[in-house]
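Novice: Dumping the structure here so I can ask a few things about it.
The values are calculated or read from the model by the stated rules, or taken from the named source; none is laboratory data. If you're wondering where the values come from, they're calculated on a predicted model, not measured in any experiment. Every residue, glycine as well, gets a Cβ built from its backbone with ideal geometry; the counts of neighbours run over all protein chains shown. The accessibility values were calculated without ligands, DNA or RNA, using every heavy atom of the protein model including side chains. Shrake-Rupley method; radii C 1.70, N 1.55, O 1.52, S 1.80 Å.
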Amino acid sequence: MKISCCFLLILLALVGFKENLNLLCSADPTDGFTAVPLTEANFELQKPYDIPLNERYSFKNGVRRLWVYADDKPHDPNSHTQPRTEVRIKGLDYSSGVWQFEGYGFVPNGTSGATVAQIHGASHGATTLILRIYDGNMRYYSGDLVATDLYDKWFRLNIIHDVDGGMVTVFLDGEQKYSTADKGPGDLYFKCGVYAAPANLSYYMESRWRDIKIYKK
């Protein structure tokens, strides 16, 4: 009888451990965050200055499709930056606290050398985070590998920026993929779309986005 009781206690303990482990494994990156209300006024479009918006952007059935060509003009006649068609989250700039971007992205095969998401602003440099697609893989700027094999599939992207803690963390499909120190506080905001890299880019670049949300703590 004593052996049976001990076995039962061990079994219950193991079951409890498994349940706790499942809870830990299934933790969502948005847990503990509060969604910030968004309207279309928060979605500012940037595109080549000499091209009509409908020739570089569409919004149908909840999907924002953004594309650009390597020889397009920048977004402003006075800018010397690379061509882009991007959504800039407007009216939710931040300089402290913990903020999070969430969106479902899609990058068609062939797009390469294109920034698809970023945190603009920093103490040192123009950006805190660049997530760029090269040959279907996502990289931190042109360096560290964040994720692989992203062509032609929807992926859930979550970016958490802990400004006070000085850290940025990237999740793909709910799984933490990358974490790095940020580049200091500044006037910070999220962007997504396509922004040509300085080199090694495809002539045509496109990404699609849906269900974009902003959270904060």
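Novice: Scanning for something open to solvent by 10 Å² or more (accessible area, probe 1.4 Å) and over 15 Å from the mean Cα position of the chain (by Cα), does region 167-179 turn up at least one residue?
Specialist: Among the residues of region 167-179, not one is open to solvent by 10 Å² or more (accessible area, probe 1.4 Å) and over 15 Å from the mean Cα position of the chain (by Cα), which makes the answer no.
Novice: Taking strands (runs of 3 or more DSSP E) that do not extend beyond region 1-104, which have at least 1 residues that are at pLDDT 95 or above and over 30 Å from Tyr204 (Cα atoms)?
Specialist: Where strands (runs of 3 or more DSSP E) fall fully within region 1-104 and carry at least 1 residues being at pLDDT 95 or above and over 30 Å from Tyr204 (Cα atoms), they are 34-36.
Novice: Taking region 182-217 as the search range and keeping residues that are under 14 Å from the mean Cα position of the chain (by Cα) and among the aromatic types (Phe, Trp, Tyr), which one is surrounded by the fewest Cβ atoms within 10 Å (Cβ to Cβ)?
Specialist: Tyr215
Novice: Hey, among the residues in region 153-210 that are among the charged types (D, E, K, R) and in contact with a Lys or Arg (Cβ under 8 Å, 6 or more places away or on another chain), which one's farthest from Ile89 (Cα to Cα)?
Specialist: Only one residue tops the list, namely Asp173.
Novice: Pull out all pairs, ordered by first then second residue, where Cβ-Cβ is under 9 Å, the residues are six or more apart or on different chains, the first lies in region 198-210 and is hydroxyl-bearing (Ser, Thr, Tyr), and the second is assigned to a strand (DSSP E or B) and open to solvent by 70 Å² or more (accessible area, probe 1.4 Å).
Specialist: Ser207/Arg65
Novice: Quick check, is Val163 touching a residue at least 24 places away in the same chain (Cβ under 8 Å), open to solvent by 20 Å² or more (accessible area, probe 1.4 Å) and within 19 Å of Ala35 (Cβ to Cβ)?
Specialist: Criteria not met by Val163.
Novice: Let me ask you something else. From the list Thr34, Thr39, Thr111, Thr81, which one is polar (S, T, N, Q) and open to solvent by less than 30 Å² (accessible area, probe 1.4 Å)?
Specialist: It is Thr111.
Novice: Name the residues in region 123-142 that are in contact with a Gly (Cβ under 7 Å, 6 or more places away or on another chain) and surrounded by fewer than 16 Cβ atoms within 10 Å (Cβ to Cβ), would you?
Specialist: Scanning region 123-142 gives Ser123, His124.
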